[in-house]
1. Hey, what number do you get for the chain at 222 nm if only DSSP H runs of n ≥ 4 count, each worth -39500 (n - 2.57), divided across all residues, to the nearest 500?
2. Stretched out fully, how many nm does the piece from ARG120 to ASP29 gain, at 0.36 nm a residue minus the Cα gap?
3. Relative contact order for segment 35-169: what percent, with Cα pairs under 8 Å and sequence separation of 6 or more?
4. With r defined as the distance between the Cβ atoms of ALA154 and LYS61 and R0 fixed at 41 Å, what FRET efficiency is calculated, to the nearest 0.05?
5. Across the chain, how large is the tail of the calculated P(r) beyond 30 Å, expressed as a percent of all Cα pairs?
6. Helix 86-102 sits at what angle to the longest principal axis of the chain, using alpha carbons and giving 0 to 90 degrees rounded to 10?
7. Given axes a ≥ b ≥ c from the Cα gyration tensor, I'd like to know whether segment 105-178 is rounded (a/c under 1.5), prolate (a/b larger than b/c) or oblate.
8. Report, in listed order, any pair from LYS17/LYS98; LYS66/LYS145; LYS133/LYS179; LYS61/LYS132; LYS74/LYS179; LYS74/LYS187 with a Cα-Cα distance greater than 27 Å.
Amino acid sequence: MKPGVAKMWRYVPGRRKPHDSWAYILYIDEARRRVQLIGDRYFIIMEFILKPNAQVSPMKKVYVGKGPRQEVSKFLRYMSYDELAPSGRMLLEPVVAKIIQEGEQFFVNFFNESVPITPRLHQLELLPGVGKKTLMKILEERSKKPFVSYSDVAERTGLKDPADLLARRALEELTGNEKYYILVAPKSILEEDLI
């Protein structure tokens, strides 16, 4: 399985790697006191040690950034979709949809800040159903005024459900062997310096 090219929105190779400070729990291994989580910005799948007496449940949002953490302690590893527990995989779709909805202010900026990947391919064209015509409409509208919400994107461009398009693309990147990663920080770029 050949890793894709990280042409992520808001990531410049050689600079600081993407990092999620908050994450949603996908799976709890009570016996080993471990949790598998997915980050709320770059969809980073990771595993942490669960703190003693921590009260957690699947789909709960917890702090995983630097400094004191309430529910988790030590970071263990970055993970791929294939390494997730089966019950964690089952929660992936609703959790990704929740992340996209709750992070509207963050994710709507993808429509404002996305850039060409190659001279013939734009990041926006990797969203399901976005072709050249829709791409041109989005670029035209964002040049007039930045988008402020998903409904703003929909009204001004004709896209039926921008949040769903982002969620579907994130899921494709998480579960497949994509050539380009624009929303998800793949395990391969996170581990570059760890080897």
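1. One gets -9500 deg cm²/dmol as the mean residue ellipticity at 222 nm.
2. 28.2 nm
3. Relative contact order comes out at 19 percent.
4. Rounded to the nearest 0.05, the efficiency is 0.95.
5. 23
6. So the inclination is approximately 50 degrees.
7. oblate
8. Pairs exceeding 27 Å: LYS66/LYS145; LYS61/LYS132; LYS74/LYS179.
No value in this document is a laboratory result; all are computed from the given coordinates. Everything numeric in this text was worked out from a predicted model, so none of it was measured. Don't worry about glycine lacking a Cβ; one is built from the backbone with ideal geometry, like all the others, and counts go over all protein chains shown.
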